[in-house]
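Down below is the structure, laid out as structure tokens.
The values are calculated or read from the model by the stated rules, or taken from the named source; none is laboratory data. Here the structure is a predicted model, which means the values were calculated and not measured. Here Cβ is always computed from backbone atoms with ideal geometry, including for glycine, and neighbour counts include all displayed protein chains.
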Amino acid sequence: MKKIYFDNAATTKIDSSVLTTINNVMKENYGNPSSSHSFGRSSRTIIEKARKSIAKEFCISSSEIFFTSGGTESDNMVLISAVRDLKIKTIITSKLEHHAVLNVIKHLEKTFYVSVIYVKINSDGSVDYNDLEQILELNKSKKLVSLMHVNNEIGSILDIKRVGDLCKNHGAIFHSDTVQSIGRYKIDLSKLDIDFIVGSAHKFHGPKGIGFLYVNKKLNIEPVLIGGSQERGLRAGTESVHNISGMEAAFLLAYENLNEDKKHILGLKKYFIEKAIRDIPNIKFNACCDNINSNTYTLLNVCLPIEKEKSILLEFNLDLKGIACSKGSACQSGSSKGSHVLNEILKPDDLEKPSIRFSFSKYNTIEEVKIVIDTIKNFIESS
Ligand SMILES: Cc1ncc(COP(=O)(O)O)c(C=O)c1O
């Protein structure tokens, strides 16, 4: 049986050329980058080259990029340091953020008595920019806005230019969780008022356990992990040289082929929508994710016309047929609570039905879309 992987928002298949890069670095460059001998220096060179490549793409200085273990660590660093070091008193965010953001904010609210304001969300999962402006206008304390660029569950896209401008006009610091947009969207930080962005290599065909954080050079933050002086004192711990090099390779590949890959993936999404509308009557596209212009090209979150009792069999059926997709977000698997994002935006009737996220990559094909929709159609008709 050929397996079908439609869970690329959870993680992606590592690129074979990235794997080769990682293997070579592991084999040849085992020196500790902090050592001053030639082995250490060659590892250091690899790290600094990766830092330069990433900084160049975002049009920033390489001293503004810090390597971390991934999205969760980067988001934690930003939010904890913002409160502790930048004396932020109010955090403005949304209820649709990833738990790497939401749960840290809840922790900061409880422990440091930071006030938290949740911006209004429209039915398509987009931020109500007028509400955000009003909140910024009314709140005179030192504030930080934390809003994600592309939502990992429903694919809504934040206008980061608009939010950056609003933050600048109202003296707020702006953090955007860009984990889902890195490698899929061009981000020119020289033209945007964003203070922090974050990336995670496993979302763009790189290795797991490696990511980065961009910190605007105007801001001075202190480390969260206490130890050695790696990453210019901001992130202690021996650098994962092979993973950093693998992330660089995946990052460069993603941006080199961005337009071509986007065209292919968007083609899959469009075909999925067309065929699903034709073959599955009453299918619903959550958060208007079928709107090609306002939603990301990489995913679809659909609500299926299936009774609650039968929906458990659907997941089982798809898995049995080798189809990987996600109920809500993969970071939630093992939890019975369901998706906090869908809970915010779906009507009670639709929450009773199964919602599934299908997320695509350059490795997927039209044939796979056909198989998946036919499988769902047969499942619905077989009752
Ligand atoms: C939007 C978003 N933020 C943060 C994370 C966490 O990233 P990581 O898996 O690298 O810790 C994820 C992963 O699912 C994500 O989708």
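Summary of values
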| read-out | value |
| --- | --- |
| Members of segment 168-210 that are farther than 17 Å from Val150 by Cα and within 13 Å of the ligand (Cβ to nearest atom) | Gly206, Pro207, Lys208, Gly209, Ile210 |
| Test result for Lys362, more than 16 Å from the ligand (Cβ to nearest atom), modelled with pLDDT under 95 and part of a loop (DSSP other than H, G, I, E, B) | no |
| Check on Phe204, within 30 Å of Cys303 (Cα to Cα) and surrounded by 23 or more Cβ atoms within 10 Å (Cβ to Cβ) | yes |
| Complete set of residues in segment 148-167 that are within 23 Å of Phe285 (Cα to Cα) and within 16 Å of the ligand (Cβ to nearest atom) | Met148, His149, Val150, Asn151, Asn152, Glu153, Ile154, Gly155, Ser156, Ile157, Leu158 |
| Within segment 91-115, considering residues that are surrounded by 15 or more Cβ atoms within 10 Å (Cβ to Cβ) and among the β-branched types (Val, Ile, Thr), the one farthest from Ile345 (Cα to Cα) | Val114 |
| Residue under evaluation Ile117, criteria (1) more than 25 Å from Ala9 (Cβ to Cβ); (2) among the β-branched types (Val, Ile, Thr); (3) within 13 Å of the ligand (Cβ to nearest atom), criterion not met | (3) |
| Test: residue in segment 38-45 that is at pLDDT 95 or above and buried (at least 18 other Cβ atoms within 10 Å of the Cβ) | yes |
| Among residues of segment 1-20, those that are away from the ligand (no atom under 16 Å from the Cβ), surrounded by 19 or more Cβ atoms within 10 Å (Cβ to Cβ) and assigned to a loop (DSSP other than H, G, I, E, B), counted | 1 |
| When residues of segment 34-77 are limited to those that are in contact with a His (Cβ under 9 Å, 6 or more places away or on another chain) and within 15 Å of Ser240 (Cα to Cα), the one farthest from the ligand (Cβ to nearest atom) | Ile46 |
| Residue check, His242 away from the ligand (no atom under 13 Å from the Cβ), in the same structural domain as Asp75 (by TED's automatic domain parsing) and part of a loop (DSSP other than H, G, I, E, B) | no |
| Near pairs, Cβ below 6 angstrom, 6+ apart or cross-chain, from segment 266-279 (in a helix (DSSP H, G or I)) to any residue that is loosely packed, with under 14 Cβ neighbours inside 10 Å | Tyr271/Ile366 |
| Any hit, segment 113-128, residues being in a helix (DSSP H, G or I) and not β-branched (Val, Ile, Thr) | no |
